[in-house]
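The values are calculated or read from the model by the stated rules, or taken from the named source; none is laboratory data. Because the structure is a prediction, the values reported are computed rather than measured. Using ideal geometry, Cβ is built from the backbone for each residue, glycine included, and neighbour counts are taken over all protein chains shown.
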Amino acid sequence: MYKDSDEDLKGGLQELDIEDAVAYHHAGVDRSYKRWLCIIGALCILGWAFALVFFLWNGAHKHRSTFAHNPDATGEIGAGTGRVVTIDELQTGRWYARSHSISWIAGPSGQDGLLLEEGGLEGKGYLVVEDVRSWEGGTKSALNTITLMKTRGFDANGERIVPDHVWPSPDLKKVLVMSDRQNNWRHSFTGRYWLFDVVSQRAEALDPSQPRGRMQLATWAPTSDAVVFTRDNNMFMRRVGSGVKAPEVIQITTDGGDEMFCGVPDWVYEEEVFEGNSATWWSEDGKYVAFLATNESGVPEYPVQYFISRPSLTPPEPGLENYPEVRQIKYPKAGAPNPVVHLRFYDVAANAVFTVPIEDDFSDLERLITEVIWAGQHGQVLIRQTNRESDFLKMVLIDVTQRTGKIVRSQDVKALDGGWFEVSETTTFIPSDPSNGRNAEGYIDTVIHEGYDHLAYFSPLDNPEPKLLTSGEWEVVAAPSAVDLKNNFVYFIATKEGSTQRHVYKVNLDGSNLEAVTDTTKDGYYSVSFSKGAGYALLSYQGPDIPWQKVISTPSNTASYDHLVEENKELAQFAAQHELPVKIFDTVTIDGIELNIVERRPVHFDSNKKYPVLFYLYGGPGSQTVDRRFSVDFQSYIASNLGYVVVTVDGRGTGFIGREARTVIRGNIGYWEAYDQIATAKIWAAKSYVDETRMAIWGWSYGGFMTLKTLEQDAGRTFRYGMAVAPVTDWRFYGKCLPCTSHLVTVISKCCAYQMSDSIYTERWMYTPQHNPEGYDNASISNVTALGENTRFLLMHGVADDNVHMQNSLMLLDKLDLAGVENYDVHIFPDSDHSIYFHNANRMVYDKLSWWLINAMNGEWAKIEQAVPLRAGVQVGTGE
């Protein structure tokens, strides 16, 4: 028997022979070895079990497409299992988020939460008024649905009529119907108009004397007893109602014609000021109609040529089929005569048109009328006017019963901060209600307060000193979005949580109790559409995650209501299947100004590698490209598919970071914006993961101008390459960019899809050329020698661009020719307008951009700077 003590073990070993000692030693080692193997094995089993549980728990065993889209994802999970973004997907709208609009209407007895459903509601008919509370989860109301039109088509004058647009009367007894629509410009159109009776389900022509006549506009009186319409630029009124024995059409104006517009805007006011086809405003009591009379006889014409298509749809005369069609546009460029506008009034009872003189009004050549608001039922109307250069405001109050007009508020914004006034259509009249604390009538407007745009309440109407409703180093964006007159709540959208975000807020009419309506605990970008009484709203979440829409009850409503309208499940699944670039939001500080920036990195980004960098910009005054909306666009394709880093910085001049940063560019556009792009590019060039020899910049429209201006200012020191689409090259030719009208353009590039090339907008930033000739010279692309210092650049333009005219690019090409500069490529698109779509052109734009950029980043353009001919007998591609 072995002893446990060391002494016993020692003695025992002395008694053993050598073989026994060795055997004893080996036995002890074996037992120890087996014991350790058991321990290690147990630990391995536990580790494997833990790893399996973790593997299943975090979903790492699943395909990447089973994960929900995460806008903050870094790309490590499921790396390599997703798809890259393709141009085909962008072109076909696969990355477009579905959204819905709601036509909120006021009930005939003041009901709130009513909407107009057009296109067919199951079991109810084609055109239905529905109460959102009857959808689900809400209290049933007395008015659930009212069917206005049982079927879409109807018979009238012996023909089948199919509506293009419908407008119910306020009392819901009749429907104004437009058929046979023909588009004119972006907002304007003509059509045939009909009056449809809800009870009988029958219709007649709005003007029975001309059933096939085309009209430009028709609008209901708030009292439902009349319709005012414009035909051939003259205005008429059709009386409607049980008291009217026979159709009665009254001609209101007689001086309308080719160069005089009554009740509808001309081209420049349609595009630049009203962004719509109406310049007619009924008073709330239906006693008066205000309308704009626009004389454009002094406005010069600009010809737009179409070489392949015939937009007029007019067959050419025999022998002229090979000549291009030319459309003449009354187009006021910077410094050229503007249309002359006057506000007229029509007294319905007296059947009389009149104007009201305004003391100290702007002259005819200086006046811009940008907004008209009827103020209650006492014949008062507010008119917002500015001078031609949009830096002096006059708010006018007119009393149409007394035929008097006076200026109740004015402001010289040029003296305040050197800036300009933007056109706005959000001024809101507030009626008096002494029982509810409103002792006098007033209005809510956006004002400048300590360098930011904020809400203010003016009461009474002629009080120039407002009550501020908001303040702080953030800006009100949509102001106000709605007003609840029962609870004195004002709803609006603002950047309070961050300049790249949009949240919905409410504040009391006395400026107290400002609070968020949307969830501000996380980044968000929202838009909203309120019901007429502000008790309900269509809330649209636009990012950064997958967009969705809900109809909700607001704080004005005691009931809790939440109905999902759109979830975008297909888009969420599609996004999960792809490797989207990682967006990193940050700021850069240039000359003490903090600017927003977003960097898009490829999913499998490796900081130890060197990446080419593409800068994408728009940069127009008051615009914003860096925001928290969900978007998969051409920049996403570049990062996801081509593997490049894409950077966007909103430089000085852009919006929502305060007026100090915005107004500094006035009179000298292009300089500071380009300076900020170059300064930011230098910061990126110094980063360890950036290949500073492969940096490019691109943009469309104002972004095309900024691309060229940046290349001109930089002269090849930071950027080597640039791609400019439909660029402005001289501000004497140019105007303004509007939001995209095509979702494909929005999805692909977030570029400006529609451009307004007119005096009104250009002069807002640059004054007139007569006032600021040096500024116009500096803002032009003129130093073509500096452009020649870049490795290469690309220029593309649509020949029929009626906004940024092809004249811009042609003038630049002439300057390049004169200077002998040849380091560029050009692609033109026949008959394409500013969005470049005609005959597959839009696909060609993006294919060309991608192909050209790949060759730039591969160094191909650098190789051909000094091209030499191959020797005879040398095989191409081998060098032998």
Mind checking which strands (runs of 3 or more DSSP E) fall wholly inside segment 490-601 and carry at least 3 residues that are over 21 Å from the mean Cα position of the chain (by Cα) and not polar (S, T, N, Q)?
562-566, 582-590, 593-601
Criterion (at pLDDT 95 or above and either over 30 Å from the mean Cα position of the chain (by Cα) or under 19 Å from N387 (Cα atoms) (or both)) met by exactly one of G419, G442:
G442
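Does N668 satisfy the criteria of being surrounded by fewer than 24 Cβ atoms within 10 Å (Cβ to Cβ), not aliphatic (A, V, I, L, M) and not in a loop (DSSP other than H, G, I, E, B)?
no
Please verify whether segment 207-217 includes one or more residues that are under 22 Å from L116 (Cα atoms), free of Cβ contacts under 8 Å to residues at least 60 places away in the same chain and either in the same structural domain as N803 (by TED's automatic domain parsing) or of a type outside the set (S, T, Y) (or both). Full working, then the answer.
Residues of segment 207-217 under 22 Å from L116 (Cα atoms): 217.
Subsequent filtering for residues that are free of Cβ contacts under 8 Å to residues at least 60 places away in the same chain retains none.
Checking segment 207-217: not a single residue is under 22 Å from L116 (Cα atoms), free of Cβ contacts under 8 Å to residues at least 60 places away in the same chain and either in the same structural domain as N803 (by TED's automatic domain parsing) or of a type outside the set (S, T, Y) (or both).
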Residue that is surrounded by 22 or more Cβ atoms within 10 Å (Cβ to Cβ), out of contact with any strand residue (DSSP E or B) (no Cβ under 6 Å at 6 or more places or on another chain) and of a type in the set (A, V, I, L, M), where the choices are V632, V613:
V632
I'd like the full set of residues that are of a type in the set (D, E, K, R) and either under 17 Å from Y702 (Cβ atoms) or in a loop (DSSP other than H, G, I, E, B) (or both), limited to segment 801-851.
D801, D802, E822, D831, D833
Having 2 or more residues that are in contact with a strand residue (DSSP E or B) (Cβ under 9 Å, 6 or more places away or on another chain), modelled with pLDDT under 95 and of a type in the set (V, I, T) is the bar; report the strands (runs of 3 or more DSSP E) wholly within segment 95-209 that clear it.
125-131, 145-149
Condition set farther than 30 Å from Y346 by Cα and assigned to a strand (DSSP E or B), scope segment 291-320, selection modelled with the highest pLDDT: answer is E301
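If the requirement is being under 34 Å from the mean Cα position of the chain (by Cα) and not charged (D, E, K, R), which of these qualifies: V268, V240?
On the way: V240 fails: under 34 Å from the mean Cα position of the chain (by Cα).
The conditions single out V268.
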So Q377 passes all but one of these: (1) within 34 Å of the chain's Cα centre (by Cα); (2) within 22 Å of P460 (Cα to Cα); (3) modelled with pLDDT under 95. Which condition number does it fail?
(1)
Hey, could you check segment 671-698 for residues that are among the polar types (S, T, N, Q) and part of a helix (DSSP H, G or I) and say which is nearest to P602 (Cα to Cα)?
T680
Report yes if some residue within segment 370-385 is within 28 Å of V289 (Cβ to Cβ), without any contact (Cβ under 8 Å) to a residue 60 or more places away in the chain, surrounded by 15 or more Cβ atoms within 10 Å (Cβ to Cβ) and of a type in the set (D, E, K, R); otherwise report no.
yes
Boolean, Y734 is modelled with pLDDT of 55 or more and either out of contact with any His (no Cβ under 6 Å at 6 or more places or on another chain) or closer than 24 Å to A679 by Cα (or both):
no
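When the residues of segment 775-800 are filtered to those that are aliphatic (A, V, I, L, M) and not in a helix (DSSP H, G or I), which remaining residue is nearest to P311 (Cα to Cα)? Spell out how you get there, then give the answer.
The initial filter retains those residues of segment 775-800 that are aliphatic (A, V, I, L, M), namely 779, 781, 784, 786-787, 794-796, 799-800.
Of the ones still in play, those that are also not in a helix (DSSP H, G or I) are 781, 794-796, 799-800.
Numbers: I781: 32, L794: 29, L795: 26, M796: 22, V799: 14, A800: 11 Å.
The qualifying residue nearest to P311 (Cα to Cα) is A800.
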Just give me the residues in segment 628-685 being more than 21 Å from F719 (Cβ to Cβ) and either small (G, A, S) or in contact with a Leu (Cβ under 6 Å, 6 or more places away or on another chain) (or both), in sequence order.
S631, S636, S640, G655, G658, A661, G667
Looking only at segment 822-880, count every residue that is in contact (Cβ under 8 Å) with a residue 60 or more places away in the chain, crowded, with 19+ Cβ neighbours inside 10 Å and not aliphatic (A, V, I, L, M) and tell me the total.
7
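Residues checked against (1) in contact with a strand residue (DSSP E or B) (Cβ under 7 Å, 6 or more places away or on another chain); (2) without any contact (Cβ under 8 Å) to a residue 24 or more places away in the chain; (3) closer than 20 Å to G622 by Cα:
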| residue | (1), (2), (3) |
| --- | --- |
| G419 | no, no, yes |
| V423 | yes, no, yes |
| T427 | yes, no, yes |
| D433 | no, no, no |
| G442 | yes, yes, no |
| E450 | no, yes, yes |
| A456 | yes, yes, no |
| K467 | yes, no, no |
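Only one of these is under 19 Å from N596 (Cα atoms) and in a helix (DSSP H, G or I): Q624, Q635. Name it.
On the way: Q624 fails: in a helix (DSSP H, G or I).
The match here is Q635.
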Among the residues of segment 305-328, is any surrounded by fewer than 23 Cβ atoms within 10 Å (Cβ to Cβ), touching a helix residue (DSSP H, G or I) at 6+ places or on another chain (Cβ under 9 Å) and more than 22 Å from T190 (Cβ to Cβ)?
yes
Considering only residues of segment 857-877 that are in a loop (DSSP other than H, G, I, E, B) and closer than 20 Å to E822 by Cα, which is modelled with the highest pLDDT?
G859
